[in-house]
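For reference, the structure is listed below as structure tokens.
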Amino acid sequence: MKQAAKKSPAFNIDKMSLKDLVDLEAKVQKAIAAVRDRDRAALKEKMAEMAKTHGFSVGELFGGVRGAKGAGKGKSLGVAKYANPENKSDTWTGRGRKPNWLLERLKKGAKLNDFAI
């Protein structure tokens, strides 16, 4: 459901200075990026819940994580082998540095196999 747009004071952009227009453009771009990030996170959460409801992880459905920072074009990071039980979209392939959510639980005495997918 869309939220109603906030009412802001009416202004005439035709009478704004170049500096004011550039500042406004930067604010609009920042707001758009924030909304995209929020919507992306909400969609990821919904997809993880839907997958979980049907007995799958997001990694199983989409073949692992792609496009993460540091991955070259066309390279896959691999299929997720471990998942955070509190947030199934947090996964780890078993390669590279262990994620913080996993390190915290291992320090508390959990075993790596406890998080196997």
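Gain on full extension, evaluated as 0.36 nm per residue between residue 114 and residue 52 minus their Cα-Cα distance, stands at 20.6 nm. Convex hull volume of the Cα atoms of the stretch 16-115, normalised per residue: 152 Å³. Within the shell defined by Cβ-Cβ distances under 14 Å, the residues around residue 53 carry a net charge of 0, with Lys and Arg each +1 and Asp and Glu each -1. Applying 1/(1 + (r/R0)^6) with R0 = 41 Å to the Cβ-Cβ distance of residue 95 and residue 12 gives a FRET efficiency near 0.15. Taking other residues whose beta carbon is less than 11 angstrom from the beta carbon of residue 13, and scoring Lys, Arg as +1 and Asp, Glu as -1, yields -2.
Coordinate-derived values only; no laboratory data. Everything numeric here is computed off the predicted structure, so don't read it as measured data. For neighbour counting, all protein chains shown are included, and Cβ atoms are generated from backbone atoms with ideal geometry for every residue, glycine included.
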